[in-house]
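Written out below as structure tokens is the structure these notes cover.
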Amino acid sequence: MALEEYHARRDFTRTREPAGGGGAAGGGAFVVQKHAARRLHWDFRLEMDGVLKSWAVTREPGTEPGDKRLAVQTEDHPLEYGDFEGVIPQGQYGGGTVMLWDRGTWEPVGDPAQGYAKGKLRFRLHGTRMAGLWHLVRMRGEGGRDWLLIKGHDDEDGEAPEASGGDVSVASGRSMDEIAADPAGVGRIASARATAMPARMAPMLATLAEEAPAGGDWLHEIKFDGYRLLARVEAGGCRLFTRNGHDWTDRFPAIAAACAALPCRQAWLDGEVVALDRHGVSRFHELQAALARGSDAGLVYHVFDLAYVDGHDLTAAALADRKDALRRLVGTPADGPLRFTDHLEGRGPDFRRQVCAFALEGVVSKRRDRPYRPGRGRDWVKAKCTRRQEFVVAGWTPPAGKRSGLGALVLAIYDGRGSLVPAGRVGTGWDEREAERLVGLLMPLAGAVPPFAGRDAAVTWVEPRLVAEVEFAEWTPDGQLRHLSYQGLRQDKDPREVVREHAGPDGRGGDRLAGFRLTSPGKVLYPGQGLTKAALASYYLDVARWMLPHVAGRPLTLVRCPDGRQGECFYQRHPKAGMSKAVHRFPDRDETLMTIEDVEGLVGLVQMGALEIHTWGSTARDIDRPDILVFDLDPDEGLAWGRVVEAAAEMRGRLLAAGLDSFVKTTGGKGLHVAVPLAPRAGWDEAKAFCKAMAEAMAADAPDRYTANMAKARRRGRIFVDYLRNQRAATFVAPYSTRAHAGAPVAVPITWAELEAGIRSDHFTVETLFRRLSALPGDPWQGFAEAARPLPEGP
């Protein structure tokens, strides 16, 4: 709310000022920006309550005790504004040149909140030009905007500002005229060459690698999942070109307009257009959907290099210098269609592990001291979290049991002799609309001669004109793909360029479903992703070693959706006739329950159409003594995710105080599970009583934040601390189980550090989880069994 006025006054598609979002209170930064707007003034800003409280000072602040300057309070600014230096375009609010005139830290004298409220704020500054004691005094009572900035009388130990070295920026050493003439600061780059802007450019490309390189001479960026574009800015306009030189400006008018609004006359920028999901992760299929709609609304152009600007060729300059210039030119906006791509220096392998743990695509690592050289080389390398590349579409098959529609795409690549060779088939990753679109594109190409030996009557062969991007787990020794997922068609790639990308050893095995009974493998269970029964079984085969320790030997309750998640779904806790023999039956009092022991059992559950697997908190061998407690933190609709994270930390602290370790798990929904390993000594009644007392104590201490009452009316604005999972026959979703929700989300064990780093409960899906698992150095719940302790007597 504090930044509403700031945001309302600015069009972030036209100005490079940072949008920001408001930070946490407690910082102590101050900044003064000399601002040549309609009238020259100095913007004085103090960090308070997570924003920069701001005043426009009409004259340069004086340094003699008693010097007074009129300071008109303006809107709060985001903390990121403290790094802004450059040119605000004319016609925009505050249009003109901005220089970082001074910055440092401040410390209040007395209570700053009380002083600010009363209009008498006293503080000490520790800056380059401003130091010692200062006062801000409101002139016309409460709520007035006119203040006085007054230099106070310092004692003998008071600071004296050092010589400033002239009226230049404390950040870049440039004058106002130099900033206005050269917003990107390329005049300071010795290797920048004065020359006319080239009419065309070819992009610099990265070579595939197994790992991100270590060492401080590398910069590491998150790898985006979109279309590579080069932007040519000239004469107030912008043209956008693909890596092959095709003009795609008409497809991205909002992005072209944002580039044209940059404070420069000419430029060549390099970046990638992406579609971001609500977690800020780039999703190629969402980009494809936007292009199919003919709209670039919401798309983002992440720029990561600057090859030319205002008469200066920067291709011979070091990458670090090019990115510094790009940051000055573009700024660091947090939203809008144009974004600067930040980076991490050094620690490449650690960065890639963290990126993959968040199920992102991978990392691009670049030598910080190297020039911009078009073409593929080793100065830029890409390390992916899973393997992904383009394939030529050689044909398609209909769905199982049908004569029309799309069952699978037949994939191929070109070998070293220019011949197509088979690479496997992909049968998941599209929804019904995309399937119809693909068949519509394939039909006019049908009738081609099979490009490789062996005729399959079920395949409709096509001319090799379409290129599909596919994510997969690995290449098998016989040159086929495993665990495939269609990502979309690539319109920027020539089919003749599609060859196999090599990064190291090939795969580990062949058809993962061989030997398992699975009827109707082509039945689509998640229509939104085109996820079939066979694909779901393949997923469980991949996660079996992670999942089985939490599922094997426990009583189960299933959510079955035999016709897919959009069909009828129902709970089942008792075995039925015709189930796989790998799903075992065992008696319990007057009923029969289900359990599994191995990977065959997981596939047996998929055969039944189980989209969710829930387990008891006890084993079948010791069913009346729980060995796991689970607290389900269920937030009210619309509650901020940060509140859920705080609740998990609160529960963890209370459990530690009771002598119990805890582990955290996403649910694939909107909440979190806090799981507690338990030595199985107490019975269910004792376990439920302990958990109820723990939840009620948490609610009693913060009744405005938590409730232990399951009534909907009591949950408004609160988090329901659900302790009811901890009673006989109650269940909770198993680690690594899918959920019967849109998007095929998965319940995933994570570390407490990962929760603090930003992982949300619906972060991982069947399509993205493999990226995480392939990068994990160990089990996020390592030590779970060893942490088991007896149930305490009370909370």
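The values are calculated or read from the model by the stated rules, or taken from the named source; none is laboratory data. Here the structure is a predicted model, which is why all the values come from computation and not from measurement. All Cβ positions, even for glycine, are placed from backbone atoms using ideal geometry, and neighbour counts span all protein chains on display. Heavy atoms of the whole protein, side chains included, go into the accessibility calculation; ligands, DNA and RNA do not. Shrake-Rupley method; radii C 1.70, N 1.55, O 1.52, S 1.80 Å.
Quick notes on this one:
- Burial ranking of peptide ranges 638-651, 248-261 (average Cβ count within 10 Å, highest at the top): 248-261, 638-651
- Compactness index (Cα Rg / 2.2 N^0.38 Å), region 41-124: 1.16
- Relative contact order (percent, whole number), the chain, Cα cutoff 8 Å, 6+ residue spacing: 8 percent
- For Gly488, residues with placed amide H under 5 Å, excluding near neighbours: Glu469
- Here the chain is treated with +1 on each Lys and Arg Cβ and -1 on each Asp and Glu Cβ, and its dipole about the Cα centre works out to around 1760 debye.
- Legend: calculated FRET efficiency, Arg59 to Gln266, from the Cβ-Cβ distance at R0 = 51 Å, rounded to 0.05, equals 0.85.
- For P(r) over Cα pairs in 10 Å bins from 0, in percent, the candidate list reads [x] 2, 12, 18, 20, 19, 15, 9, 4, 1, 0; [y] 2, 9, 13, 13, 12, 12, 10, 9, 8, 6, 4, 2, 1, 0; [z] 3, 13, 22, 25, 20, 12, 5, 1, 0; the entry that matches the value derived from this model is [x].
- Near-label residues of region 658-685 by backbone N, under 11 Å of a point 7 Å along Cα→Cβ of Ala697: 658-660
- Residue-span extension gain [Arg122 to Asp67] - 0.36 nm each, minus C-alpha spacing: 18.3 nm
- Note on the chain: dipole from Cβ charges, positive end direction compared against Thr460, Pro112, Ala292; the farthest Cα belongs to Thr460.
- For the pair Asn244 and Asp624, a Förster radius of 51 Å applied to the C-beta separation gives a FRET efficiency near 0.15, rounded to the nearest 0.05.
- A straight chain from Arg437 to Met579 at 0.36 nm per residue would run longer than the Cα-Cα distance by 47.4 nm.
- Once both labels are positioned 7 Å from their Cα atoms along Cα-to-Cβ, the gap between Arg188 and Leu208 label points is 4.1 nm.
- In nm, spacing of pseudo-spin labels at Glu600 and Leu40 (7 Å Cα→C-beta vector): 8.6 nm
- Listed residue (Cys259, Ala699, Ala199) projecting farthest to the positive dipole end of the chain, Cβ model: Ala199
- Each of the peptides 47-54, 341-348, 780-787 was scored by the mean count of other Cβ atoms within 10 Å over its residues; in descending order, highest first, they stand as 47-54, 341-348, 780-787.
- For the chain, the cysteines with no partner cysteine C-beta closer than 4.7 Å are Cys264, Cys691.
- For region 235-251, Karplus couplings with θ = phi - 60° (6.51, -1.76, 1.60), whole Hz, Gly/Pro x: 6, x, x, 8, 10, 10, 10, 6, 5, 9, x, 7, 7, 10, 4, 5, 7
- Amide proton proximity set for Glu474, modelled H, under 5 Å, gap of 5+: Arg482
- Distance (nanometres) between label positions extended 7 Å along Cα→Cβ at Ala334 and Val421: 5.1 nm
- Estimated FRET transfer efficiency (Ser520, Ala2; beta-carbon r; R0 51 Å; 0.05): 0.35
- Linear extension gain, Glu756 paired with Arg681, 0.36 nm per residue minus alpha-carbon span: 23.7 nm
- Taking the charge dipole of the chain about its Cα centre, with +1 at Lys and Arg Cβ atoms and -1 at Asp and Glu Cβ atoms, the residue from Ala275, Val303, Thr315 reaching farthest to the positive side is Ala275.
- Heavy-atom accessible area ranking, 1.4 Å probe, most first, across Thr397, Thr13: Thr13, Thr397
- Charging the Cβ of each Asp and Glu at -1 and of each Lys and Arg at +1, and nothing else, the dipole of region 535-646 about its Cα centre rounds to 420 debye.
- With the helix formula -39500 (n - 2.57) applied to DSSP H stretches of n ≥ 4, the chain reaches a computed 222 nm mean residue ellipticity of -5500 deg cm²/dmol.
- Mean separation of Cα contacts under 8 Å (6+ apart) over length of region 618-700, as relative contact order %: 38 percent
- Kyte-Doolittle at least 0.0, axis length at least 20 Å by Cα - qualifying DSSP helices, the chain: 533-551, 641-657
- When you restrict to C-alpha pairs under 8 Å that are six or more residues apart and normalise by the size of region 91-233, the relative contact order lands at 17 percent.
- Short to long, the 10 Å bins of the Cα pair-distance histogram for region 577-617 hold 26, 58, 16 percent of all pairs.
- Over all other residues within a Cβ to Cβ distance under 11 Å of Asp762, the charged ones net out to +3, with Lys and Arg as +1 and Asp and Glu as -1.
- Over 24 Å between alpha carbons, listed pairs Lys53/Lys120; Lys581/Lys665; Lys34/Lys366: Lys581/Lys665; Lys34/Lys366
- Long-range HN-HN contacts of Ser169 with modeled amide H, under 5 Å: Arg174, Ser175
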